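Enquirer: Mind looking over this structure? Questions follow.
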Amino acid sequence: MNIGKYKILGRLGRGGMGVVYKAEQPVTGRIVALKLCRPADILLDIAGADRIRQLFLEEARAMGRARHPNIASVLDTGEHPLPGIGTMPFFTMEYFCNNLGLVLGEEYEAQQHTRLLAVPRALDICRQTLEALRRMHHDGMIHRDVKPFNIMLTDEGRVVLIDFGLSRLRGEEPTARPRGMVVGSPFYAAPEQEADPEQADARADLYSVGVLLYRALTGQLPGSSLPSVSPLREELDTHWDAAFATLLHPDPAKRPQTAGHAQALLHGLEAHWRQHRTEVCALHDPALPAPSGPPRARPARVRPKQALEFFRLDPLWRPRHSTANRIEPLDHTDGALLDRATGLLWQGRGSEFPLDYAQAQEYVAQLRSVRSAGRDGWRLPTVDELATLFLDRAEPGSFCLDPAFGSDKARLWSADQASYTAAWYVDADMGFVGRQDHTCAFYVRAVCAMKSA
């Protein structure tokens, strides 16, 4: 299937106004996200094809106006005939393998609990989202649909805000949108936006970021009353309760008034958290059980339906049990690290850049050919081996532990395959297992057994 000059590789998702596809650009082979104006039947009945087409083009123009590293850019536009509707527009954007919704494990039923982010990572994602909103608000635009699945995450952890289909430009007529068209997402939209979307201003976007932060830190959505987070996560004290009471206040006049003000609040929260962590962890020595035996070393092909049981994961794709590491530098090697708890020798630095799966295999082959650290047994680790590096953010005292290799190269390819075109990867910082197609880019941290030389 082709749309314009683009070869369609698969469907990524659908919204009210359109469908987003993974597509391949001709000649260069670049992978892009292609959004086609293909409205849902109910929206087509409410608004009509001409009005939906106009709204879709307004989204493309809004994204084209907002030039910023944290805002998605439109790469190309075109038109495509649709039976029964007529010729409809499409545009292409940079393709991202990950978004915050996938990382958190948020489901269609948003009330279900999600995974937890480390406090610094949650704050960083929200600060970058606020930076995108700061630019939008400066240009007179309100996003009105800030939620996890609209926050893309690049291979290096940069936030990119997408989906301007519900955005509003300052001065736009309140009647510009069809009656009956929902504006915003349940649980993330501010109270005043739910009551009257056309009267909501930039402070409604800031409320949505507050919900994002609450979700990322607690795995839950805030209730209708002013939320309290200190009982939900031991590293958060009453200082955070006061901050969320401001971020999520039902009266927009009592919230931060600009994205810059909200960023300053988050900077203060991180400084407070680091001081609190230092004081608490000086008196706390968390202990994890030792591994029961060496982890599986042989790669496997594991279908998604079998993965939870095969990898021994909980419903949020996290290992059911965490284990301790005893990692130390190995003498006379170039940065190799030995985990005495498992007997595994890990590449200390890992790949310098994120790599697609073919590049990851080439990278490991190169380590073998040059006998990195004096060994030729380097390989991609299995999920079981990578899981020995995880921290369980829900475990008491886990915030006093640092990731085995830091958090800057957390997403790592495994040797285990999900299909002929996809492999399993891990997020070692958040402690979960996921799958992605081979065209995605993650870091590589090779492993070998100590006996390999």
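Enquirer: Report the residues of the range 87-106 in range of a label on residue 75: point 7 Å along Cα→C-beta, backbone N strictly under 18 Å from it.
Expert: What the label zone holds, given the 18 Å backbone N cut-off, is 90-99.
Enquirer: Which pairs, out of 7/147; 147/409; 35/254; 35/147; 5/147; 147/254, put more than 27 Å between their alpha-carbon atoms? Walk me through the intermediate numbers first.
Expert: Numbers: 7/147 29 Å; 147/409 25 Å; 35/254 37 Å; 35/147 18 Å; 5/147 31 Å; 147/254 22 Å.
Pairs exceeding 27 Å: 7/147; 35/254; 5/147.
Enquirer: Can you tell me what share of the DSSP beta bridges in the range 304-449 is antiparallel? A percent to the nearest 5 is fine.
Expert: Working: 22 of 23 bridges.
Expressed as a percentage, antiparallel bridges in the range 304-449 total about 95.
Enquirer: Just want the answer: with Cβ charges of +1 for Lys and Arg and -1 for Asp and Glu, which residue in 261, 343, 193 is farthest toward the dipole's positive end in the chain?
Expert: Farthest towards the positive end: 343.
Enquirer: When the Kirkwood radius is taken over all Cα pairs of the range 304-449, what Stokes-Einstein diffusion coefficient follows at 37 °C and 0.692 mPa s, in µm²/s? Could you put the intermediate results ahead of the total?
Expert: Values: Rh = 15.5 Å.
It comes out at roughly 212 µm²/s.
Enquirer: Suppose a student asked you for the relative contact order of the chain, using Cα pairs under 8 Å spaced at least 6 residues apart; what percent would you report?
Expert: Details: 844 pairs, mean separation 51.3, N = 453.
Here the relative contact order equals 11 percent.
Enquirer: Using the count of nearby Cβ atoms within 10 Å as a rough guide to exposure, how do 363, 21 rank from fewest to most? List each step's numbers first, then the result.
Expert: Values: 363 21, 21 25.
Going from sparsest to densest Cβ surroundings: 363, 21.
Enquirer: Dipole magnitude of the range 2-94 about its Cα centre, charges +1 at Lys/Arg Cβ and -1 at Asp/Glu Cβ only, in debye to the nearest 20?
Expert: On the way: 13 positive and 9 negative charges, 52 e Å.
Charge dipole of the range 2-94: 260 debye, to the nearest 20.
Enquirer: From the backbone phi of the range 373-378, what are the Karplus-calculated ³J(HN,Hα) couplings (6.51 cos²θ - 1.76 cosθ + 1.60, θ = phi - 60°) in whole Hz, Gly and Pro given as x?
Expert: Once rounded to whole Hz, the list reads 6, x, 10, 10, x, 5.
Enquirer: Go through (1) 22.9; (2) 27.1; (3) 65.2 and flag the label whose value is the computed mean projected area of the Cα convex hull in nm² for this structure.
Expert: Of the listed options (1) 22.9; (2) 27.1; (3) 65.2, (1) comes from this structure.
Enquirer: Can you sort 5, 35 so the residue with the fewest Cβ neighbours within 10 Å comes first? Each step should come with its number before you reach the end.
Expert: Numbers: 5 12, 35 28.
So the residues, fewest neighbours to most, are 5, 35.
Enquirer: When DSSP beta bridges are limited to those with both residues in the chain, what percentage is antiparallel, rounded to the nearest 5?
Expert: Details: 57 of 60 bridges.
Once the DSSP bridges in the chain are tallied, antiparallel ones form about 95 percent.
Enquirer: With a/c under 1.5 counting as rounded, go ahead and sort the range 2-94 into rounded, prolate or oblate using the C-alpha gyration tensor (a ≥ b ≥ c being the square roots of the eigenvalues; past the cut-off, prolate if a/b is larger than b/c, else oblate). It would help to have the intermediate numbers written out before the result.
Expert: Working: a/c = 1.97, a/b = 1.29, b/c = 1.52.
In terms of gyration-tensor shape, oblate.
Enquirer: Let me ask you something else. Residue by residue through the range 260-269, which ³J(HN,Hα) values in whole Hz follow from phi under the Karplus form 6.51 cos²θ - 1.76 cosθ + 1.60 (θ = phi - 60°), with glycine and proline marked x?
Expert: x, 5, 5, 4, 4, 4, 5, 4, x, 4
Enquirer: So how much slack lies between residue 156 and residue 109, counting 0.36 nm per residue of separation and subtracting their Cα-Cα distance, in nm?
Expert: Numbers: separation 47, 0.36 × 47 = 16.92 nm, distance 2.90 nm.
Full extension of this stretch gives 14.0 nm more.
Enquirer: Which order, highest average first, do 210-219, 428-437 follow once you tally other Cβ atoms within 10 Å for each residue and take the mean per peptide? Before the final figure, lay out the partial values.
Expert: Working: 210-219: 23.7, 428-437: 22.2.
Ranking the peptides 210-219, 428-437 by packing returns 210-219, 428-437.
All of the numbers you see were taken from the coordinates with simple rules; none came from a lab. Computed from a predicted structure; not experimentally measured. Cβ atoms come from the backbone with ideal geometry, glycine included; neighbour counts cover every protein chain shown.
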